[in-house]
Amino acid sequence: MVFWIIALVIALLATAPLVLAFRRARGLGRLDTTKAEVEIGVYRDQLSEVDRDLERGVMSPEDAKRAKLEISRRLLEADTARGKADTAKGQASLIGAIALGAVIIGGGLWLYSDLGAPSYEDLPIERRYDIAAENRANRMPQVEAETQARPIAALQEPDPRHMELLTQLREALTERPDDLQGYKLLARNEAVVGNYREAYTAQQEVIRIKGDAATADDYADLADMMILAAGGFVSPEAETALSKALSRDPQNGPAIYYTGLMFAQTGRPDMTFRLWNGLLSSSAPDAPWVPAIRGQIEAVAQAAGVRYTLPPLSDGSTLKGPSAEDVENAADMTPEERQEMIRGMVDGLSARLANEGGTAEEWSRLISSLAMLGETDRATAIWKEAQVIFGATPEAMAIVRDGAVKAGIVK
C-alpha cells in the first residue's frame, strides 16, 4: 500500500506542471478576434464618436442621449456574451486539463500493470532475512536433490581395468568393514569415475572408523562429494558436514567456500560475500577455490548491495616458468635432453595442481603442454577434471577451454 501511495504522489507531481502548462497555453497570446470582443470595441468607438459630434454641435443633446442609450444597451449585450464565452472556454480548458492528467496517470498505471509487478509484496530487510531462513529450513534433502541433479562429468573416463579393480575393492571391503585405508582409496576412486554417491558413502565410513579423530578435511571432503552428487546443491546433510569441518578448523577453505555457496542458494548474498571476501583475501593465489570465487564474487556483491571491485591477482598467482639458469642450461642440451627437461617441468606442474590446486591459467598451460608432448589421453583426462573444478565459473572455464582448444582435444 505504501508503494501505491508513493507512486500516486509521484505521478501527481509529474502531471501537475503539464496540466498547468496546458491551461495557460489556452489563454496566452490570444487576440481579441471573437465576435463579442469586436462588437465591444466598435460600440466604445461609437460612444466616443457621439461625444465628439455633440461637442461639435453636429448632433442635438436629445439625439446624442438616445444614441448613447442604444449603443450602451448593445455594449452591455456584447459584454454579457463575452463573459459567457470566457466561462465556457474556462470550463473546456479545465476539462481538457483534467482529461490530460487522467490519460497520463491512467496510462502509467496500465503500463506498470502490464510490464511491472503490481502484486509483488514489500520486502524490507527483515522480511528478506525471514524468507532466506525459510528457504534454508525447507531445502530439499540430499536424496531428493540427487534425483533432480544434473549429472556432473567424471574426473576421467574410467577404463575397464580401473572399473574391475574398483569392483574388487568394493568386494574386499565387505569382508573388512573397518579397513580405513581401503575406504579412503574407495572414496577417492569412486569420485574419480563420477560415482559421487558411492564416494560420499565410502567417505562416511572413513569418518565412522576414525571417530573423534576425524579431521576438518575429512568432513570437508564428505561435503564436497555430497554437493557434487547433488549437482552443486548444498543440502542440509552437506551443511551439517560443513559445520563439523568448520568446528574443527574455522579456516578450512573448502568448507568456507561451500558455506558461502549455501547462503547464496538460500537468499543471503550478504553472508556469501562476507565469507568469500575474507577467504579470497587470506588465500594463496593458487588455492583451488580462488578461481571459483573470483568468477562469482562481483555478482554476489551486487546482489548484496555492496560496492566492490575485484582486486587483481597478486604476483604469486603468475605461472611458474623456467628460470634464467634453466634457459641457459637448455641451450647446451641435446633435443632429447631438452624434451626430458620439459617433461619434468610438466610433470612437476601436474603434481602440484593435483596436490595443491592452481589457477585456470596453470590448468590451461598443463593441458596444452601435455598435448605438445604427445600425451593426448592424459591431456584429455586433465581437461575433464578441470571441467569439474571450474565448471561453475564461466570466466575461468573459458581460460581452461582455450588450453584444450590449443591442445586439439576441443574444437
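Multiply the residue separation of residue 180 and residue 208 by 0.36 nm, subtract the distance between their alpha-carbon atoms, and state the gained length in nm to one decimal.
Here the answer is 9.1 nm.
Taking the Cβ of each residue in 268, 294, 136 as the centre, tally the other Cβ atoms inside 10 Å and list the residues starting with the fewest.
Lowest to highest Cβ neighbour count: 136, 294, 268.
What's the FRET efficiency of residue 48 with residue 20 using the Cβ-Cβ distance as r and R₀ = 51 Å, to the nearest 0.05?
0.85
Fewest Cβ neighbours within 10 Å first, please rank 390, 263 accordingly.
263, 390
Hey, how many Å between the Cα centroid of the stretch 369-411 and the Cα centroid of the stretch 236-297?
So the separation of the two Cα centres works out to 25 Å.
Multiply the residue gap between residue 352 and residue 113 by 0.36 nm, knock off their C-alpha separation, and tell me the result in nm, one decimal place. Please report the intermediate quantities before stating the final value.
Details: separation 239, 0.36 × 239 = 86.04 nm, distance 5.78 nm.
Additional length available on full extension: 80.3 nm.
Would you kindly calculate the mean projected area, averaged across all directions, of the convex hull enclosing the Cα atoms of the stretch 199-299, in square nanometres?
So the mean shadow area of the Cα hull is 6.3 nm².
Hey, what's the Cα Rg ratio for the stretch 140-266 versus the globular rule of thumb, 2.2 N^0.38 Å?
1.05
Could you grab the Rg to Rh ratio for the stretch 161-211? Cα atoms only, Kirkwood for Rh.
0.94
Taking 41 Å as R0, compute the FRET efficiency from the Cβ-Cβ separation of residue 74 and residue 102 and round it to 0.05.
On the way: r = 42 Å, r/R0 = 1.03.
The pair residue 74/residue 102 has a calculated efficiency of 0.45.
Just subtract the alpha-carbon distance of residue 342 and residue 161 from 0.36 nm times their residue separation and send over the number in nm, one decimal.
Residue separation times 0.36 nm, minus the Cα-Cα distance, leaves 62.2 nm.
Given a Förster distance of 51 Å, report the FRET efficiency between residue 8 and residue 148 from their Cβ-Cβ distance, rounded to the nearest 0.05.
0.70
Quickly rank 60-72, 243-255 as a protection proxy: mean count of other C-beta atoms within 10 Å, highest first.
The packing order, highest mean first, is 243-255, 60-72.
Order these by the 10 Å Cβ neighbour count, fewest first: 110, 289. Don't skip to the end; give the middle numbers.
Values: 110 10, 289 20.
Going from sparsest to densest Cβ surroundings: 110, 289.
Values in this text are rule-based calculations from the coordinates and carry no lab data. Just so it is clear, the model here is predicted, and its values are computed rather than measured. Note that each Cβ is placed from the backbone with ideal geometry, even for glycine, and that neighbours are counted across all protein chains shown.
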